[in-house]
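Heads up, the thing below is written out as structure tokens.
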Amino acid sequence: MRFYFFIILFFIIPFAGAAQDTVIEITPSDMSPNYKALGNVDGWLFRQGNDLSWSEKETDEAGWEKLSPSRLSDSLADKNGRLEGWFRIKIKIDSSFGNTALGFHMNSWAATDVYVDGNLLHSFGNTGADGKPFEEYIPTYKLPVDFNIEKGTEHTIAIHIVEYESPIPPFRLKSENRFKSFASITKPEFKASNYKFFMTIRMYRSVWLSVSFILCLLFWLLTFQNRSEKSLLLIALTQTIFFLYVYCEGFGDPDTSFILTTISDLALPLLRSLIMIFGILVIIKIFNRSITRIAKLSLVLIFISGLVLVFFDIPAILIFQTSLTIIFYNYYIITSWKELKGAQWAVLMGIFASVLFGLTLTVDSMFRPDFNYYSVLIYYSGLFLSIPVSLLFYVAMRFKEIFKEVQDNSEQVVMLSEEKKVQAENQQKILEEEVKRQTAEIRTTLENLKSTQSQLIHSEKMASLGELTAGIAHEIQNPLNFVNNFSEVNTELIAEMKDELVKGNTEEVKAIADDIEANEQKINHHGKRADAIVKGMLQHSRTSSGVKEPSDINVLADEYLRLAYHGLRAKDKTFNSKMETDFDEGIGKINIIPQDIGRVILNLITNAFYVVDEKKKSGVENYEPTVSVITKKVGDKVEVRVKDNGNGIPQKVLDKIFQPFFTTKPTGQGTGLGLSLSYDIVKSHGGELKVETKEDEGSEFVIELPLI
């Protein structure tokens, strides 16, 4: 596109005459069409370096060489890539120009100071001569400055130039391709036509960019909203690359630097290759075709060709790329022609329109002598926008097709629903009957479960009562032994007292009576002790009344500790364990249901004796089974701790120990309800049942109960 721009802007016309020694005479006939380019004319003198006196009309030109700006090259630059020097040329504007207002135009990236007869005409950029930093000149969209000099008189133009090599390969002078049109003298028409031309270019480019950008956003929005449509992702990517290509293909902006302009030029071949590649992929996806190995290889070749064109401007490679793309377009269009339908035709029309605009542009630029660039802009508009707009139509038509498919499917679903409505009603009746039957079965099962649960709870109570029986028998045996022993002693004392009465020894009789009285008190004490044990057993065995009463937690804990110990000793003579107690006497009585809390304490102590006994049986050396029962007042709560030095509880089962029917004991030795019931009992008292354990070191169960 730049090629056509520079053809219009700086069309090289034959010079009207050869240089007249050192003076170049410019006549109206040289202005074809409306400017005279000076970069390639004879008569220029050049000298490297910088001396402001070289701007004067009369200066010593010894040491100056004949060199036109078009012959400048990077060989004249210093080691830093900087070229600085002065150009001088003598010109004479023919008097036939009359009062025509002429202009002076610069078309290079170099910074220049232009002098006419020793007077500064204009500075293009900043050469650094005024002490300020160097600033390159940006020639894009720049209009000529006024060049009002006396006609028919000889004038000297001196140009101070500072130019740098490009930092981008191949490291030539930035303006090397512009030096032929380095400087031009223009007619008024040049300024007017070029201003109109520049504004038209910017308007068209704005339209191209705006449409491309809007389509890009639209396609990406549709892609994110419809992720299942894979073709949308390809279309969005293609449009994004197309937008970048249109941006880089433009003629730049008035403030676009040489670096950005060059990068844009280098990016064009690669972006063009990606457009070709993604265009083929979009066609394959939209036409529902598969990609062959030859197609994959061709896409790789197109991409490699684009990389080559980034560094080497070889027209044959561009022709190869374009031909290969057209071949694949034709192949997929021809082989899919009979199967195309609906939205697919929109894409095909876009391809045809793009090809038509491209061919028209080529023919118009090659064979029409009256080349009109405004027509070219219209062709470019069609070329740039045909395919993106056709993709927009494709997406719109595709969504319409999808909507129609959904609508048709919905109608079919409605029809099927009507047909199956009767079946559904019949099935509903059958299901209702089945639900009633299963509900009755569930109710029966639930009642059975409740009965079984009650039996299990009762069994658990009986099991704990059974464990207590042996201990209770042992506890009752002690006071009974005392009663029997003291009864026998009293019988002997009574006989002795009778003998003393016969003898009349009243003092001895009184002493014996005192002994009998003391023994009777002991018999009464141990009888009451046996009575309390029996009452406790009866209280433990019967159903809880649910009524709380003030109870001594220390007495309760101590009693169940001894009962549990003697109960296990009665069942297993080899069982033995150290028992430790630490009761807080400041607790006093607390409101609890004693038989319920007693069951909890008994269960925890029985479990503790079981685990220490199991650890001892495992053969651990130097091991002394120990169970500790501790009570402590903590704030407004009472803690009852049952601690053992057994094997502890494994972490993998720690969360399950309070679940119903879970037990770590062998089958037949536990119901799995002990801890579950204990947990529920403590909760019903407004307390907490916790466990602290370390594997191989033991466990400690903590009952927390409120004081009130």
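The values are calculated or read from the model by the stated rules, or taken from the named source; none is laboratory data. All values reported here derive from a predicted model rather than from experimental measurement. Neighbour counts run over all protein chains shown; Cβ positions are idealised from the backbone, glycine included. The accessibility values were calculated without ligands, DNA or RNA, using every heavy atom of the protein model including side chains. Shrake-Rupley method; radii C 1.70, N 1.55, O 1.52, S 1.80 Å.
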message: Place a point 7 Å from the Cα of E434 along the Cα-to-Cβ direction; which residues of segment 388-428 have their backbone N under 12 Å from it?
response: 427-428
message: Between helix 188-225 and the chain, what is the angle of the helix's C-alpha long axis to the longest principal axis, kept within 0 to 90° and rounded to the nearest 10?
response: 20
query: With θ set to phi - 60° and the Karplus curve 6.51 cos²θ - 1.76 cosθ + 1.60, what are the ³J(HN,Hα) couplings of segment 169-179 in order, to the nearest whole Hz, using x for Gly and Pro?
result: x, x, 6, 8, 4, 4, 9, 4, 8, 10, 5
query: Given only helices, namely DSSP H runs of n ≥ 4 each adding -39500 (n - 2.57), what is the per-residue ellipticity at 222 nm of the chain, to the nearest 500 deg cm²/dmol?
result: -19500 deg cm²/dmol
message: Test of understanding: extend the Cα→C-beta vector of A267 to 7 Å, then name every residue of segment 147-180 with backbone N under 11 Å from that spot.
response: none
query: Among the listed pairs K589/K632; K230/K400; K90/K132, which are separated by more than 20 Å between their Cα atoms?
result: K90/K132
query: Using the beta-carbon distance between F352 and K285 and R0 = 25 Å, what value does 1/(1 + (r/R0)^6) give for FRET efficiency, to the nearest 0.05?
result: 0.85
task: Pop a pseudo-label 7 angstrom from the Cα along the beta-carbon direction at both L76 and E447 and give the gap in nm to one decimal.
output: 11.6
Radius 14 Å from Cβ of V435, net charge of other residues (Lys, Arg +1; Asp, Glu -1): 0
message: Quick check for me: using +1 on Lys/Arg Cβ and -1 on Asp/Glu Cβ, what's the dipole size of the chain about its Cα centre, in debye to the nearest 20?
response: 3100
- request: Could you compute the FRET efficiency for F658 and E697, with r as their C-beta to C-beta distance and R0 at 30 Å, rounded to 0.05?
  value: 0.90
message: Taking 25 Å as the cut-off for C-alpha to C-alpha distance, list the pairs among K571/K643; K571/K652; K665/K690 that go past it.
response: K571/K652
message: To make sure I understand the rule: partners must be lysines, Cα under 20 Å from the Cα of K510, and not fewer than 8 residues away in the same chain. Which ones qualify?
response: K498, K522
- prompt: What residue among Y137, N426, V413 has its Cα farthest toward the positive end of the dipole of the chain, where the charges are +1 on Lys, Arg and -1 on Asp, Glu, each on the Cβ?
  reply: V413
FRET efficiency, D408 to K338 (Cβ-Cβ, R0 30 Å, nearest 0.05): 0.80
task: Mind giving me the nanometre distance, one decimal, between the label points for V634 and K510, set 7 Å out from Cα along Cα→Cβ?
output: 6.0
- prompt: Packing-wise, with mean Cβ within 10 Å as the measure, how do 192-199, 41-48 rank, highest first?
  reply: 41-48, 192-199
message: For the pair E229/R562, report the inter-label distance in nm, with labels modelled 7 Å from Cα in the Cβ direction.
response: 8.9
- prompt: Where a Cα-Cα gap under 16 Å defines reach, which lysines qualify for K404, not counting those fewer than 8 residues away within the same chain?
  reply: K341
- prompt: Got the relative contact order for the chain handy, in percent, Cα pairs under 8 Å and 6 or more residues apart?
  reply: 8
message: Quick check: the angle from helix 315-336's long axis to the longest principal axis of the chain, C-alpha only, nearest 10 degrees?
response: 60
message: Please compute one quarter of the surface area of the Cα convex hull for the chain and express it in square nanometres.
response: 67.0
field: Net length gained if the chain between Q427 and D60 were fully extended (0.36 nm per residue, minus Cα distance)
entry: 120.6 nm
- prompt: Can you list the aspartates and glutamates whose alpha carbon sits under 17 Å from that of K180, skipping same-chain ones fewer than 8 residues off?
  reply: D30, D42, D74, E163
query: If the chain between S96 and N50 were fully stretched, how many nm would it gain, using 0.36 nm times the residue separation less the Cα-Cα distance?
result: 12.9 nm
message: With every protein chain left in place and a probe of 1.4 Å, what is the accessible surface of F357, to the nearest 10 Å²?
response: 70
message: Taking the full set of protein chains and a 1.4 angstrom probe, give the accessible area of E580 in square angstrom, rounded to the nearest 10.
response: 70
message: Run the numbers for T581 and V23: contour at 0.36 nm per residue of separation, minus the present Cα-Cα distance, in nm.
response: 188.1 nm
- line: In the neighbourhood of V620 defined by beta carbon distances under 13 Å, the net charge of the other residues (Lys, Arg +1; Asp, Glu -1) is -3
query: Helix 373-503 sits at what angle to the longest principal axis of the chain, using alpha carbons and giving 0 to 90 degrees rounded to 10?
result: 20
